[in-house]
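Structure incoming, see below.
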Amino acid sequence: FWLGAVAEGMRGVVGGLFQSTSTVYANNLAPPELRSTVSMLLGAVHQGLGRSMGSIVAGRMQTTIGTSSTFLYLAFLDALFAAVAAILYGTFLTGTKKSKPKQD
């Protein structure tokens, strides 16, 4: 019981952080006239398409290879995607901030 409660609590915190951070980031990238559209598309893709496809794929995997194997495979994929994201972030996004011009 307690492990499940801790996991669900962490899921709530991390989900909230992801949603708010991705919304702010998308709004910063979008031109002012498209900010509401970008926010709507972000929510639709994550909440609609992402959760639907995740449920379908994980359900098929669970039926085919079992619950434990599904968990292990998806945990491995999560770790792999986290590593790829860290490498991409370190390679392409560090040091890309524009420096402010010096004022005399």
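The values are calculated or read from the model by the stated rules, or taken from the named source; none is laboratory data. This is a predicted model, so every value here is computed, not measured. Cβ placement follows ideal geometry from the backbone for every residue including glycine, while neighbour counts extend to all protein chains displayed. Note: accessible area is taken over every heavy atom of the protein model, side chains too, but ligands, DNA and RNA are not part of it. Shrake-Rupley method; radii C 1.70, N 1.55, O 1.52, S 1.80 Å.
Give, in nm to one decimal, the length gained when the segment between SER68 and PHE1 is fully stretched (0.36 nm per residue of separation minus the Cα-Cα distance). Don't jump to the answer; show the numbers that get you there.
Working: separation 67, 0.36 × 67 = 24.12 nm, distance 1.82 nm.
Gain on extension, SER68 to PHE1, equals 22.3 nm.
How big is the chain along each principal axis, measuring the range of its Cα positions in Å and listing the largest first?
Principal axes ranked by extent give 66, 30, 28 Å for the Cα atoms.
For the Cα atoms of the chain, what angle does the longest principal axis make with the long axis of helix 51-65, in degrees from 0 to 90, nearest 10?
30
Ignoring ligands, DNA and RNA, what accessible area per residue does the chain give at 1.4 Å, in Å²? Numbers along the way, then the final one.
On the way: 8990 Å² over 104 residues.
Counting only protein heavy atoms, the per-residue value for the chain is 86 Å².
Please list, short to long, the whole-number percent of alpha-carbon pairs of the range 35-94 in consecutive 10 angstrom bins beginning at zero.
It works out to 20, 29, 36, 14, 1, in whole percents.
Between TYR89 and ALA30, what is the label-to-label distance in nm when each label sits 7 Å out along the Cα-to-Cβ direction?
2.3
Oh, and also: Calculate the FRET efficiency for LEU41 and LEU17 from the Cβ-Cβ distance with a Förster distance of 22 Å, rounded to the nearest 0.05. Could the numbers behind the result be given before it?
Values: r = 20 Å, r/R0 = 0.91.
Using R0 = 22 Å, I get an efficiency of 0.65.
Rounded to the nearest 500 deg cm²/dmol, what is the calculated helix-only ellipticity per residue at 222 nm for the chain, with -39500 (n - 2.57) per DSSP H run of length n ≥ 4?
Numbers: 4 runs with 74 residues, N = 104.
Value at 222 nm, helices only: -24000 deg cm²/dmol.
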